[in-house]
Structures are given as C-alpha cells and as structure tokens.
1. Label points 7 Å out from Cα along the Cβ direction at LEU210 and THR75: separation in nm?
2. If I take every Cα pair under 8 Å that is 6 or more residues apart in the range 54-209, average their sequence separation and divide by the length, what percent do I get for the relative contact order?
3. So for PHE82, PHE133, fewest C-beta neighbours within 10 Å to most, what's the order?
4. Ordered by residue, what ³J(HN,Hα) values in Hz, to whole numbers, does the range 111-128 give under the Karplus form 6.51 cos²θ - 1.76 cosθ + 1.60, where θ = phi - 60° and Gly and Pro are x?
5. Most exposed first by the Cβ proxy, i.e. fewest other Cβ within 10 Å, how do THR166, THR71, THR184 rank?
6. Hey, any idea what Rg/Rh is for the range 54-209, computing Rh the Kirkwood way over Cα pairs?
7. Toward the positive end of the charge dipole of the range 54-209, about the Cα centre and with charges on Cβ (Lys, Arg +1; Asp, Glu -1), which of LEU172, TRP139, SER209 goes farthest?
8. What FRET efficiency comes out for GLN196 versus ASP155 if R0 is 22 angstrom and r is the Cβ-Cβ distance? Round to the nearest 0.05.
Amino acid sequence: MDKKTLAFILIAVGLLAITAGVILFLKGSSKDDNQDRINQSTKMEETAMDKNTKSIVVYFSAQNHTKNVATKIATDLNADIFEIEPAEAYTEDDLSWTDSESRVSREHNDASLQDVALKSISVPDWDEYETVFIGYPIWWGGSAWPVDSFVKQVDFGNKTVIPFCTSHSSELGTSDTDLKAKATGGNWQPGHRFSQDATDSEIKDWIESL
C-alpha cells in the first residue's frame, strides 16, 4: 500500500469518527434538552398544584387593616375566609393602647385576661383545607390575643400554615414562631408583615412568591 492510499484511508477514518462523535453529541444534547423540558414542566405542574390546594384565610382584624389584606389574599387565591370574632367585640375605646385603663391595656398588663373568649372556633369543612393563612394585627410586638385563643384551640394537623400580620410600625418579630409554639400540629411557614396601608400589588407579589 503506497503512502497516498494510506493517507486517504486515515483521513476517511478520521472523518467518520468525527461524524459519529457529532451525531452522538447532538443526540445527547437533545436528550438532555428534552429531560430539562420535562423537569421544568413537572416543576411547573407541582407549583400549580400547590397553588390550587384548598385554602382558607383565617383572620382577626381590630381596625380593618388585617381584614383588607385577608380579603385580598382570599380573592387572589379563590380561597375561603373565616373571621375570628371575640365573644365581646372590641370598641374603638377598647383599642386605645395609650390609655392605661382601656381594655387592651388591661389585657396586656394582666396575662390572665388574654385568653379572650371567641364566638366560635368551628370553621366549616375545616378538615378539607390543606393550606391555612393566619392573619392578625401586631399588639405590643406580638400577635393579637384573639388569634392566640384560636390557635390554641384548633388542631392544624398536617395543614400548611402561613402567618401574616399588619402593623403601623412594628415588625413581624417572633409573632409567627410564637403562634407555632402555641399551636397543635401544622406545617408552619415563615410569616410576613404588611404595613397598614399595604397595596394590592404588594399583596399580590407576596402571594406569587409563595
């Protein structure tokens, strides 16, 4: 075999090897891309399923700020809503925290008064809900005690529980983890604080981040 023939054969073999490598690479890339698309699709489906679980927004609102946020959350998620109502409703005078003789001041100063009696803790179809949003105003750095009373008396089982609060200037603090410590059951998530003047877009952005 002369040198020209040998060189031709070697070149042909090399070209075949390169072609085969390119084909394998393209097949592998296509397979990886397909798998990525499958994984992404599955992730999107899982997220959609999470968003579509049966949800309820449970809240106590002293001056409508928490009620406004709770209503917006329920509307955006197409969730049900349940208001925590004290057996004896708080009046404007009761809520005057700067008055040492007001109801909230007396309750703050005497822990035995913080076990506020509620009209009802019976939430219709409670067992059917998989996700529970718990809303409350911040009182003296913590959750308003009517919410504490509800949380202490209800079994959250395996439900996902998402706290949120409203306040003029106070932060969330440990109010979310304090509620978790008082509760029976529940997969409690980190809470979120809204200002009293929270906008619809702020509430929507938070919901979408969950």
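Only the coordinates and a few stated rules stand behind these numbers; no lab work does. Every value quoted in this text rests on a predicted model; they were computed, and no experiment measured them. Note that each Cβ is placed from the backbone with ideal geometry, even for glycine, and that neighbours are counted across all protein chains shown.
1. Reported label-point gap for LEU210 and THR75 is 1.6 nm.
2. Numbers: 287 pairs, mean separation 37.3, N = 156.
Here the relative contact order equals 24 percent.
3. On the way: PHE82 20, PHE133 25.
In increasing order of surrounding Cβ atoms, one gets PHE82, PHE133.
4. 4, 5, 8, 7, 7, 6, 5, 10, 4, 6, 10, 8, 8, x, 6, 3, 5, 7
5. Details: THR166 26, THR71 17, THR184 11.
Ordered by Cβ neighbours within 10 Å, fewest first: THR184, THR71, THR166.
6. Details: Rg = 14.7 Å, Rh = 15.7 Å.
Ratio of gyration radius to Kirkwood radius: 0.94.
7. SER209
8. On the way: r = 32 Å, r/R0 = 1.44.
Rounded to the nearest 0.05, the efficiency is 0.10.
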